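So the structure is just underneath, and the comments pick up after that.
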Amino acid sequence: VIVLSQAFPETYAYLYRNIYWAVLITCFTCLGAAVLGWQRLRHFLSPIQTLHHQVQRIGRGELDQKVTVDSHDEIGDLALAFNEMTDSLKQFIAREVETAKELVHAKNLAVLGSTSSKVTHEVGNLLNNVGMVLSSLKGERLSPVGEKSLQVLVKESARVREFIQNFLQFAKKPEPRSRKTSLEPVIKEVLSVNQPDAEKRGIHLDFNWPSDMPPVHVDVRLIYQVMNNLLKNSLEAMTDSGTIRIEGKIDRDHVWIAVEDTGPGIESDALERIFDPFFTTKGKKGTGLGLSIVKTIVESHRGSIECESALGMGATFTVRLPLQ
């Protein structure tokens, strides 16, 4: 029989020492676990907080704000989905605003059209009376001053008549009677009509039209007016000799017609309003309705028109018409 014995103080000292180390290790383990847990929690909450702040900015109307979350889990997928939703919302708002503008514009045109016919009729009668008086004065012997005044009155009466006709056309939205036709002969006719004026001023008219250009559904009379207005606009803008180039091309399901000139160009402020009714860069020589009428006609064909220009770089008007 072997009997082992140890004093109680020694036994308790060893036990207390082990308990001390066990408590110390447990405390450090718990502290480490808490730190790691806090870091993981921050890593998890950080994308949510970022998403929350950016969603708040979007909620205040900053729709250009993008949610950027550096995460490849469900939070990242949520951010991507939210960005897609924001883009869709922007497009929806843009469409609704554009629709509202078109409705207001259509309503204004309807009111304008109903009153413009009456105004045009009355003013037309007055102009006819003025014209008859001027015609009778042409047969009278007048002083040099009277002759000059008569010429001014005839010219100004013609300008008023032209303005009334343009105003009436602008007020009434055109209803195209479309048929499938080639645009080449229409543009060639416009060029032949304006060729004498261009040659007189030393302006070269260049026409570049692809041989495989397909026909389009258009109202020939209205498209002739569009091209004639654009060509005359370029001729009037050019103060010196130069070149006006008309070029056509196919872009997917649209036909592009570009009218490019080497004139003085258009200032950026004027470029933003170039298609606005009654806006003109020609001073008293223009009514400000020509390009507005062009835009109305093009849009009635489900097309679009835009202008690119800079001072000293000329101007390019591009008309896009659908093939179908």
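The values are calculated or read from the model by the stated rules, or taken from the named source; none is laboratory data. As the structure is a prediction and not an experimental result, all values here were calculated from the model. A quick note on method: Cβ atoms are made from the backbone with ideal geometry, for glycine too, and the neighbour counts reach across all protein chains shown.
A compact table of results
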quantity	calculated
Test: residue in the stretch 252-264 that is assigned to a strand (DSSP E or B), exposed (fewer than 13 other Cβ atoms within 10 Å of the Cβ) and either of a type in the set (S, T, N, Q) or touching an Asp or Glu at 6+ places or on another chain (Cβ under 6 Å) (or both)	no
Residue selected from the stretch 278-314 under the condition surrounded by 15 or more Cβ atoms within 10 Å (Cβ to Cβ) and more than 27 Å from H217 (Cβ to Cβ), by the criterion modelled with the lowest pLDDT	G286
Residue count for the stretch 1-52, restricted to those that are among the β-branched types (V, I, T) and modelled with pLDDT under 75	6
Which numbered condition A110 misses (of (1) part of a helix (DSSP H, G or I); (2) at pLDDT 65 or above; (3) not β-branched (V, I, T))	(2)
Any hit, the stretch 292-304, residues being free of Cβ contacts under 8 Å to residues at least 24 places away in the same chain and in contact with a Gly (Cβ under 6 Å, 6 or more places away or on another chain)	no
Residue among D269, D240 that is within 17 Å of the chain's Cα centre (by Cα), assigned by TED's automatic domain parsing to the domain that holds Q225 and not in a strand (DSSP E or B)	D269
Flag for S182 being within 30 Å of K232 (Cβ to Cβ), surrounded by 10 or more Cβ atoms within 10 Å (Cβ to Cβ), small (G, A, S) and modelled with pLDDT of 70 or more	yes
Lone qualifier among P185, P196 - being without any contact (Cβ under 8 Å) to a residue 12 or more places away in the chain, farther than 27 Å from I266 by Cα and in a helix (DSSP H, G or I)	P185
So M213, is it out of contact with any Phe, Trp or Tyr (no Cβ under 9 Å at 6 or more places or on another chain), modelled with pLDDT of 90 or more and not in a strand (DSSP E or B)	no
Hey, Q169 at pLDDT below 85 and surrounded by 15 or more Cβ atoms within 10 Å (Cβ to Cβ) or not	yes
Condition broken by L323, with the remaining ones in (1) within 19 Å of the chain's Cα centre (by Cα); (2) touching a residue at least 60 places away in the same chain (Cβ under 8 Å); (3) over 28 Å from V160 (Cα atoms) satisfied	(1)
I250 being of a type in the set (V, I, T) and within 16 Å of A315 (Cα to Cα)	no
